[in-house]
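To start, the structure under review is shown below, and the notes come after it.
The values are calculated or read from the model by the stated rules, or taken from the named source; none is laboratory data. A quick note: this is a predicted structure, and the numbers were derived from the prediction, not measured. We place every Cβ from the backbone using ideal geometry, glycine too, and count neighbours over all the protein chains shown. Just so you know, the surface numbers come from the protein's heavy atoms only, side chains and all, with ligands and any DNA or RNA stripped out. Shrake-Rupley method; radii C 1.70, N 1.55, O 1.52, S 1.80 Å.
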Amino acid sequence: MTHYNICLSVAGSDPSGGAGIQADLKTFSALGCYGAAAITAITVQNTCGVTRSVAVDGELVRDQMLAVLTDLKPQSVKIGMTPNADIIGHIADSLGSHPVPFVVLDPIIRSSSGHPLIAADAIETMCRRLLPLVSLLTPNLDELKCLSDKPDPVEAAREIISRFYVPAILVKGGHAQGEPTDILVTADSITTFEGRRVDTKNDHGTGCTLSSAIAAYVATGHDLPTSISLAKQYVSRALAEGRDVCLGQGHGGMNHFFAPLTLRKQKNS
């Protein structure tokens, strides 16, 4: 019997389809993985921004996760929007009782339009309960500042690694000036990933897509640096292939399916 590579997204729902659960499932599918999902929040948003978000009951988030973890047994989990401390606690409990080989956390604190997506008192719970369980943390520069008061990104990442036992942090440089450079920081190494900015307004969900692409590439057998490199290439292509599409009045989603792969089977099957 053979098995598919399975990825689970634990994140919020975006009705416009550009970010959150919808972007994650598109990415998993495009990269040949079977995608499953546990919804943490219902948001009201479109290409112009987020106007409202409602958290799902924490026990319901747990039950969604356990339904997948106990049956499908995913190789990777991507965690996105975690609205409050109760949900974070249930996510941590679920992963603690049913460990997954690779967990990536994209610490979504506010939307690109400035709408807060996590309770202020939940950030401490996320650091204390969730960070010790993840394999990779993927903050942008603004999110990194919420997790550490050190001004230098590498020093901030190293402090988080030391305090919360995170094996690796990918500091995303997309919000900085110039060409975007991401930095993978571990306790004893630094690896940079150069990128090129794509001129497009259809850039909604880039962070969600990057973290879920990393999860997909790890699930299909690549090591972490290779997975990050391939994920960055995928996001760049998805941006470029969707830049000429008229999609909404604001920042539309990228083209996730510019070259979809067929559903892959595990290499050891």
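Step by step: first the residues of the stretch 137-167, then only those that are among the charged types (D, E, K, R) and surrounded by 14 or more Cβ atoms within 10 Å (Cβ to Cβ), then the one that is nearest to L224 (Cα to Cα). Which residue is that? Don't jump to the end; show me each part of the working.
Pass one, the stretch 137-167, residues among the charged types (D, E, K, R): 142-143, 145, 149-150, 152, 155, 158-159, 163.
Filter once more, so that each one left must be surrounded by 14 or more Cβ atoms within 10 Å (Cβ to Cβ): 143, 145, 150, 158-159, 163.
Values: E143: 21, K145: 24, K150: 26, R158: 18, E159: 21, R163: 22 Å.
That would be R158.
Which of (1) within 13 Å of the chain's Cα centre (by Cα); (2) free of Cβ contacts under 8 Å to residues at least 40 places away in the same chain does G80 not meet, given it meets every other one?
If we test G80 against (1) within 13 Å of the chain's Cα centre (by Cα); (2) free of Cβ contacts under 8 Å to residues at least 40 places away in the same chain, just (2) comes out false.
How many residues does the stretch 23-42 contain that are in contact (Cβ under 8 Å) with a residue 60 or more places away in the chain and surrounded by 22 or more Cβ atoms within 10 Å (Cβ to Cβ)?
Residues that pass the stated criteria total 9.
Tell me which residues, restricted to the stretch 1-16, are touching a residue at least 60 places away in the same chain (Cβ under 8 Å) and either surrounded by fewer than 20 Cβ atoms within 10 Å (Cβ to Cβ) or farther than 28 Å from C246 by Cα (or both).
Scanning the stretch 1-16 gives M1, T2, H3, Y4, N5, I6, C7, L8, V10.
Among A156, A120, which is the only one that is outside any strand (DSSP E or B), among the aliphatic types (A, V, I, L, M) and modelled with pLDDT under 95? Can you show your working first?
Working: A156 fails: modelled with pLDDT under 95.
Unique residue meeting the criteria: A120.
Regarding P107, is this residue assigned to a loop (DSSP other than H, G, I, E, B) and out of contact with any Pro (no Cβ under 8 Å at 6 or more places or on another chain)?
Values: assigned to a loop (DSSP other than H, G, I, E, B): yes; out of contact with any Pro (no Cβ under 8 Å at 6 or more places or on another chain): no.
Answer is no for this residue.
Identify, by number, the condition in (1) open to solvent by 60 Å² or more (accessible area, probe 1.4 Å); (2) in contact (Cβ under 8 Å) with a residue 60 or more places away in the chain; (3) assigned to a helix (DSSP H, G or I) that H251 doesn't meet.
Every condition holds for H251 apart from (3).
Condition (residue is at pLDDT below 95, more than 19 Å from L31 (Cβ to Cβ), open to solvent by less than 20 Å² (accessible area, probe 1.4 Å) and in contact with a Leu (Cβ under 8 Å, 6 or more places away or on another chain)) applied to the stretch 200-220: is it met by at least one residue?
Within the stretch 200-220, one or more residues are at pLDDT below 95, more than 19 Å from L31 (Cβ to Cβ), open to solvent by less than 20 Å² (accessible area, probe 1.4 Å) and in contact with a Leu (Cβ under 8 Å, 6 or more places away or on another chain).
Taking the stretch 1-42, which residues are part of a strand (DSSP E or B), among the aliphatic types (A, V, I, L, M) and either modelled with pLDDT under 95 or closer than 16 Å to T206 by Cβ (or both)?
Taking the stretch 1-42 as the starting set, the residues that turn out to be part of a strand (DSSP E or B) are 4, 6-13, 34-42.
Now narrow it down to the ones that are among the aliphatic types (A, V, I, L, M): 6, 8, 10-11, 36-39, 41-42.
Within the stretch 1-42, A11 is the sole residue that qualifies.
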